1. So, in nm, how far is label residue 112 from label residue 92 when the simple model puts each one 7 Å beyond its Cα toward the Cβ?
2. When the helices in the chain are scored as -39500 (n - 2.57) per DSSP H run of 4 or longer and the sum is shared across all residues, what 222 nm value do you end up with, to the nearest 500 deg cm²/dmol?
3. Please find the FRET efficiency linking residue 82 to residue 31, where r is the Cβ-Cβ separation and R0 is fixed at 22 Å, and quote it to the nearest 0.05.
4. Do you know the relative contact order of region 9-73, to the nearest whole percent, from alpha carbon pairs under 8 angstrom that are 6+ apart?
5. Between region 117-142 and region 42-75, how far is it from one alpha carbon centroid to the other, in angstrom?
6. Let a ≥ b ≥ c be the square roots of the eigenvalues of the Cα gyration tensor of the chain; is it rounded (a/c under 1.5), or, if not, prolate (a/b larger than b/c) or oblate?
7. Sorted by average packing, counted as other Cβ atoms within 10 angstrom per residue and highest first, what order do 55-65, 76-86 take?
8. How would you rank 101, 93, going from fewest to most other Cβ atoms within 10 Å of each one's own Cβ?
Ligand code: DQA
């Protein structure tokens with residue numbers, strides 16, 4: 001049995017990765033994540049059980065985070081999409097559920113200078129860190145970071 005359950009979450013407009021603006025978000029879909037995790041983590045990947053969830057709705061994302069708390073999920077890798085920049089409700093949820101969360105982005109949001117709102121994150125303060133700019137690999141790197149944190153801090 002895997003040691004850690006990690007929830008990989010996507011917010012709005014992230015349900016069609018590979019098809020949505022591939023020049024910005026890449027040509028790979030979420031199905032590539034487990035293989036990338038194997039490449040990044042090697043044998044340690046066996047210690048991690050991934051669960052995937054995507055919703056376009058803010059309330060459903062919050063419901064899933066609350067459920068994760070009730071289920072004893074160990075970590076969350078969360079690309080909240082545009083809600084990253086706007087949702088105080090998601091930030092409030094992350095503030096109390098007590099699950100370490102890594103903020104994830106496919107694109108390097110800081111390089112998108114013509115859209116300064118993308119450089120603002122309401123949830124970042126409630127996360128243990130941010131991984132951005134590596135396409136689908138960002139999710140695998142976030143899971144690895146969570147794993148290493150869990151291994152050292154429990
Ligand atoms: C994104 C960046 C956000 O600004 C945008 O709204 C997204 C995707 C990313 O993964 O690069 O939907 O989170």
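1. So the label points at residue 112 and residue 92 sit 2.6 nm apart.
2. After summing the helix terms and dividing by the residues of the chain, the value is -11000 deg cm²/dmol.
3. Efficiency computed from Cβ-Cβ geometry: 0.45.
4. The value is 43 percent.
5. After rounding, the separation between the Cα centres reads 16 Å.
6. Note, shape of the chain comes out oblate.
7. The packing order, highest mean first, is 76-86, 55-65.
8. Taking fewest neighbouring Cβ atoms as first place, the list is 93, 101.
Quick note: the coordinates plus some simple rules give every number you see, no bench work behind them. Note that the structure is predicted; figures quoted are calculated from it, not measured. In this analysis, Cβ positions are derived from the backbone assuming ideal geometry, glycine residues included, and neighbour counts consider all displayed protein chains.
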